[in-house]
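> Below is one structure. I have some questions about it.
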Amino acid sequence: MKILAIESTCDETAAAVVENCGAGVKVVSNVVASSVLMHQKYGGIVPEVAAREQIKSIVPVITEAVGEEKETIQSIAVSYGPGLMGSLLVGVESAKTLAWAWKKPLLQVNHMAAHVFANWIMDEASKEVPQFPAVGLVVSGGHTDLVFMKDAKNWEWIGGTRDDAVGEAFDKAARLLGLPYPGGPEISKAVERVTPEMIKRFGSKYKLPRPLLNEDNLEMSFSGLKAAISKIVTGLENLDEETRDMLAWEFSNAVIEILINKTMKSVAIYQPKCVLLAGGVAANKQLREGLKLNVENSGVKFFCPELKYCGDNAAMVGAAAIISPKEVRPVDLRPDPSVTTV
Ligand code: KG4
Ligand code: ZN
């Protein structure tokens, strides 16, 4: 069964054709246009600019993704939220129009769930697919959620952030350190520049707090870390490159330690067969490697999507529509900017 999937929740306009392949999902085409560079000079997403770019990109992106597949497409899937209203409208209305014109069923997909279902994409034929029950750690620019998945449809929210999302915290910390938007990849690059000699020389000079780490619950908090960085930076006469990279390193360590600690607490409580990492922040190498090590040491399987399926894309929307289909009448589908992960 081939599905045309559409994604337009934020600053990426994406379309993909996917099909089922055993228990997983195979990607036939995957096209992503991003307006991220246009937002760089503002240090964050400007919703109006993102929506205008969605309108410009949607037809060429869908046309390229469909290619020669039009006759083989059996249904249309679209992310209806969470996201920015102006951006969401473009994808949702396009999907509704195509479903009507091509007389195909329409499937609604929750964008955050789609990030998790990216773990079912099998670009390599040998890839195993996740088994339920599973715990998902969903980390993006707007969300930080721990979810317990009994099966493909029954999910329970079990923990997450009380304040900033992890991606948002990375972006804000990067901005305080004078690094460009989006901050996550820039902080990762700074971490790679830190040498063992620097770690020795700086010692614990810039030690940051680990909020809620030792509390016996699955709650997280990242806004205090940002405030702590701000205080250090304001107290410096000038922020030289080594100090900046050491602060990025300490910030990244603190965030990743919290994420790993809370995920492992959820593993102890819920005893899942696997842990699934998902969302834009899942592209972070230190998080991928650190969480994999901890999860596998506890005898549980670990999955994270290939890098190209971590950030916003439509292949993950198609994967969600195949593994957990939710058909909707076009007339009933509305964008929902604030729908939760479960
Ligand atoms: O899932 P996503 O592409 O969009 C949303 O749905 O929000 O996530 C974007 C977020 C941004 O905050 C970005 O800084 C973060 O993911 N991100 C990273 C990395 N790559 C992207 N954060 C940490 N390390 C990375 N390597
Ligand atoms: Zn996303």
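> Restricting to segment 273-329, what's the tally of residues that are farther than 30 Å from P105 by Cα and small (G, A, S)?
5
> Which condition does K26 not pass, out of (1) open to solvent by less than 40 Å² (accessible area, probe 1.4 Å); (2) among the basic types (K, R); (3) within 28 Å of D145 (Cα to Cα), if it passes all the others?
The single condition K26 does not satisfy is (1).
> Filter segment 130-163 down to residues that are away from ligand 2 (no atom under 16 Å from the Cβ) and among the acidic types (D, E) and give me whichever is farthest from T234 (Cα to Cα).
Once the filter is applied, the top-ranked residue is D151.
> OK, next. Are there any pairs with C-beta distances below 6 angstrom linking a residue in segment 323-342 that is in contact (Cβ under 8 Å) with a residue 60 or more places away in the chain to a residue that is open to solvent by 60 Å² or more (accessible area, probe 1.4 Å) and part of a loop (DSSP other than H, G, I, E, B), with the two at least 6 apart or on different chains, and if so which?
Note: pairs meeting the criteria are S324/K153.
> Now, a different point. Given the conditions (1) within 16 Å of ligand 2 (Cβ to nearest atom); (2) modelled with pLDDT of 95 or more; (3) at negative phi, report the number of the one that V36 does not fulfil.
Result: V36 passes all but (2).
> For segment 1-119, please list each of the helices (runs of 4 or more DSSP H) lying entirely inside it that holds at least 2 residues being touching a strand residue (DSSP E or B) at 6+ places or on another chain (Cβ under 6 Å).
In segment 1-119, 47-66, 85-102, 111-117 are the helices (runs of 4 or more DSSP H) which contain 2 or more residues that are touching a strand residue (DSSP E or B) at 6+ places or on another chain (Cβ under 6 Å).
> Still on this model: Looking at segment 272-320, which of its residues are in a loop (DSSP other than H, G, I, E, B), more than 15 Å from ligand 1 (Cβ to nearest atom) and touching a residue at least 24 places away in the same chain (Cβ under 8 Å)?
Within segment 272-320, P272, K273, S298, V300 meet the criteria.
> In segment 57-71, is there at least one residue being among the hydroxyl-bearing types (S, T, Y) and open to solvent by 10 Å² or more (accessible area, probe 1.4 Å)?
The answer is yes; a qualifying residue exists.
> Scan segment 253-276 and give yes if some residue there is within 16 Å of ligand 2 (Cβ to nearest atom), touching a strand residue (DSSP E or B) at 6+ places or on another chain (Cβ under 8 Å) and not aromatic (F, W, Y), otherwise no.
Yes, that holds for at least one residue.
Quick grid of which residues meet (1) among the hydroxyl-bearing types (S, T, Y); (2) under 16 Å from the mean Cα position of the chain (by Cα):
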{"position": "L88", "(1), (2)": "no, no"}
{"position": "T97", "(1), (2)": "yes, no"}
{"position": "F117", "(1), (2)": "no, yes"}
{"position": "E128", "(1), (2)": "no, no"}
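The values are calculated or read from the model by the stated rules, or taken from the named source; none is laboratory data. Keep in mind that what you see is a predicted model, and the values were worked out from it rather than measured. So basically every Cβ, Gly included, is an ideal-geometry build from the backbone, and we count neighbours across all protein chains shown. Heads up: the accessible areas ignore ligands, DNA and RNA and are worked out on the full protein's heavy atoms, side chains in. Shrake-Rupley method; radii C 1.70, N 1.55, O 1.52, S 1.80 Å.
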